[in-house]
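These notes concern the structure reproduced below.
The values are calculated or read from the model by the stated rules, or taken from the named source; none is laboratory data. In this text the structure is predicted, and so the values were computed from the model without any measurement. Here Cβ is always computed from backbone atoms with ideal geometry, including for glycine, and neighbour counts include all displayed protein chains. Ligands, DNA and RNA are excluded from the accessible area calculation, which covers all protein heavy atoms including side chains. Shrake-Rupley method; radii C 1.70, N 1.55, O 1.52, S 1.80 Å.
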Amino acid sequence: MPERTDRWWNVKEDTDIVELSREVTGVLIRYGLRFFEDFPDSESLLQRLRAGQGRAGLTRSQVPLIHAILAKEKGLIEEARQQVHKAMMEATSPL
C-alpha cells in the first residue's frame, strides 16, 4: 500500500461480499503485483536481501527471517542460521 501499512477490511454479516471482492482484487492488482514484478523468483529476492538493498517491502524484523527461509530452501543452512540469529538479536535490541 502507498502508506506502507497493512490494510484490513471489516467483514460482518451485512458486508457486500461482491463489493469487498472487487476492492480487495483492485488493491492486489494495483499494489501487490508490483512486488512480484520486481521479484519474479525467490533467487532475485534472496540476492536483494543479501545485498542489503532496501527491505523489498518487508518490515525490519521480517527481513532476516525471509532471508533465512529463502536460504534454507536453497540448502544454505549456515546462511539461514546466521539470519535467524540476526533476527533474534534484532528482536531483543531496543529500537
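Put the Cα centre of the range 75-94 next to the Cα centre of the range 1-60 and the gap is 24 Å. Put a dot 7 Å past the Cα of Ser61, heading toward its Cβ, do the same for Glu13, and the two dots end up 3.6 nm apart.
Once both labels are positioned 7 Å from their Cα atoms along Cα-to-Cβ, the gap between Arg50 and Ile29 label points is 3.6 nm. Over the chain, accessible surface divided per residue gives 79 Å², non-protein components excluded, 1.4 Å probe.
Note on Lys86: aspartates and glutamates with a C-alpha under 19 Å away, same-chain residues under 8 apart excluded, are Glu73, Glu78.
Each helix, a run of at least 4 DSSP H residues, gives -39500 (n - 2.57); summed and divided by the residues of the chain, these come to -17500 deg cm²/dmol at 222 nm. Sorting the segments 4-12, 17-25, 81-89, 40-48 by their mean number of nearby beta carbons within 10 angstrom, highest to lowest, gives 81-89, 40-48, 17-25, 4-12.
Simple point charges give the picture: +1 on the Cβ of Lys and Arg, -1 on the Cβ of Asp and Glu, and for the chain a dipole about the Cα centre of about 460 debye. What nm distance separates the two modelled labels at Glu43 and Arg22, each placed 7 Å from Cα along Cα→Cβ? Result for the modelled spin labels: 4.2 nm.
Is the C-alpha gyration tensor of the chain telling us rounded, prolate or oblate? Criteria: a/c under 1.5 is rounded; beyond that, a/b larger than b/c is prolate, otherwise oblate. Could the numbers behind the result be given before it?
Details: a/c = 2.58, a/b = 1.88, b/c = 1.38.
Because a/c hits 1.5 or more and a/b exceeds b/c, the chain counts as prolate.
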